[in-house]
1. From Gly254, Gly228, Gly185, Gly264, which residue is part of a loop (DSSP other than H, G, I, E, B), among the small types (Gly, Ala, Ser) and on the phi < 0 side of the Ramachandran plot?
2. Answer yes if at least one residue in the stretch 107-117 is away from the ligand (no atom under 16 Å from the Cβ) and either under 23 Å from the mean Cα position of the chain (by Cα) or surrounded by 21 or more Cβ atoms within 10 Å (Cβ to Cβ) (or both), and no otherwise.
3. Name every residue in the stretch 230-276 that is more than 30 Å from Ile8 (Cα to Cα) and among the hydroxyl-bearing types (Ser, Thr, Tyr), in order of residue number.
4. Going through the stretch 172-181 one residue at a time, which ones are closer than 28 Å to Gly29 by Cβ and either more than 10 Å from the ligand (Cβ to nearest atom) or assigned to a loop (DSSP other than H, G, I, E, B) (or both)?
5. Go through the stretch 123-142 residue by residue and tally those that are buried (at least 24 other Cβ atoms within 10 Å of the Cβ), more than 10 Å from the ligand (Cβ to nearest atom) and among the hydrophobic types (A, V, I, L, M, F, W, C).
6. Is it the case, given these coordinates, that Ala166 is more than 6 Å from the ligand (Cβ to nearest atom) and either closer than 19 Å to Phe106 by Cβ or buried (at least 24 other Cβ atoms within 10 Å of the Cβ) (or both)?
7. I need the full set of residues from the stretch 143-160 which are more than 10 Å from the ligand (Cβ to nearest atom) and touching a residue at least 60 places away in the same chain (Cβ under 8 Å), in order please.
Amino acid sequence: MKTMRLNIKGEGAFAYDIRIGYDILEGIGQGVAEFGTGRRYVAITDTNVAPLYGEAMLKKLKKAGLNCDMIEFPAGEASKNINTALSVVQQLLKLGIDRKSAIIAFGGGVVGDLAGFVASLYMRSIPYLQIPTTLVAQVDSSIGGKTAIDLEEGKNLMGTFYQPRAVFIDPAFLETLPPEEFGNGLAEIVKYGIIDSEDFFELLEDKMADIRKCNRKVLVRVIEMSCGIKKRLVEIDEKDQGPRHFLNYGHTIGHALEAASGYGLSHGKGVSLGMMAAARLSEKICGLSAGYRKRVDILIEKAGLPTAIPRGINTDLIISKLTADKKKSGSIINFVLIKKIGEPFITGDVKETIVRETIEEMKNDRRTA
Ligand SMILES: NC(=O)c1ccc[n+]([C@@H]2O[C@H](COP(=O)([O-])OP(=O)(O)OC[C@H]3O[C@@H](n4cnc5c(N)ncnc54)[C@H](O)[C@@H]3O)[C@@H](O)[C@H]2O)c1
């Protein structure tokens, strides 16, 4: 097991452990007992995770002398809303959960975001722990304290910054994850490679086949490195005012593609195409070398993620989704681009004509033929 400590400095200074390893689940009872203030615990999970791991988890917690109940809600993004949050709160009240209790967010990013949101508000906040079970949650959403629910007007529009007391990451959970969901996490890992360093990028180039086969040694190392990158960005910019934006690399066009496809395109696929588009924009605008740009394309292909924008997604619609975001934020569209691998920067100076041209190029890429 590897432990890293996330340190938030300044006003409201706070620190917590992120524990990663294939032995986490075995010792989860002791781990939770160490961090919870909990007289009582409630694991919040979804209807896919509960039948797979719910009983085993409750058994392990009970064995460590912990009193834990479980609340589940229907799996999927459609549940990440105010109705589910209210229903969870009502169930917590029924169970008699008070401020001496703690919540365990046990599932993917949807569970983590919603359980964290509830924990930050229930009785003016109670502690929570994260036990992430998807690759997205293990390398991204369980770390950093962003909680949220979706509104009809859009995703993640209501939420809080509320850090967990600890994060327990056991990659063994990933063995039951559907390939599409694994791909969503892989896209975020590729993103870390692009924004962080040539060393990590090279490791991903060398080991992508092993990662996809869930080779334990390689997978745990890549998860540790990804968590380390996220941790460092959260430490310097907890409230997402500056460098934490680098985590949005590939997400500007990625989100527009997802929306323009009517969410037929998964998040991971949207982000992969968004990362390729951002590399092309970087080549045109800030002199990213063609060699680096091609390496981004090849890594995404090696990850089994799409490399061409489906021709059926209308370019005008993609552009209108991009500008709808711009209208919402009342400002220019900010893109994260790269000068080279490991050198991201933020710019609002990207002309619509270049974005349009790049989208068209990516529809006509030979890889689609
Ligand atoms: N808070 C943040 O910083 C942050 C960062 C990235 C993403 N997010 C949010 O995370 C969400 C996406 O997270 P996600 O990709 O984990 O989606 P998810 O939580 O919907 O999980 C994906 C699917 O996998 C199932 N599942 C979970 N663990 C499993 C396992 N071990 N075996 C089999 N099936 C399993 C789930 O039931 C679900 O059907 C989005 O709502 C997004 O906004 C938040």
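Values quoted throughout were computed directly from the atomic coordinates according to the rules given, and no laboratory measurement underlies them. Treat the numbers as computed from the prediction; the structure is a model and nothing was measured. Cβ atoms come from the backbone with ideal geometry, glycine included; neighbour counts cover every protein chain shown.
1. Gly264
2. no
3. Ser261, Tyr263, Ser266, Ser272
4. Once the filter is applied, which keeps residues that are closer than 28 Å to Gly29 by Cβ and either more than 10 Å from the ligand (Cβ to nearest atom) or assigned to a loop (DSSP other than H, G, I, E, B) (or both), the stretch 172-181 yields only Leu177.
5. The qualifying residues number 2.
6. In short, yes.
7. Here is the first cut: in the stretch 143-160, the residues more than 10 Å from the ligand (Cβ to nearest atom) are 151-154, 157-158, 160.
Result: Leu151, Gly154, Met158.
Residue by residue, here is whether (1) basic (Lys, Arg); (2) over 30 Å from Asp23 (Cβ atoms); (3) in contact with a strand residue (DSSP E or B) (Cβ under 6 Å, 6 or more places away or on another chain) holds:
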residue	(1), (2), (3)
Asn215	no, no, no
Ser226	no, no, no
His245	no, yes, yes
Asn248	no, yes, yes
Asp297	no, yes, no
Leu305	no, yes, no
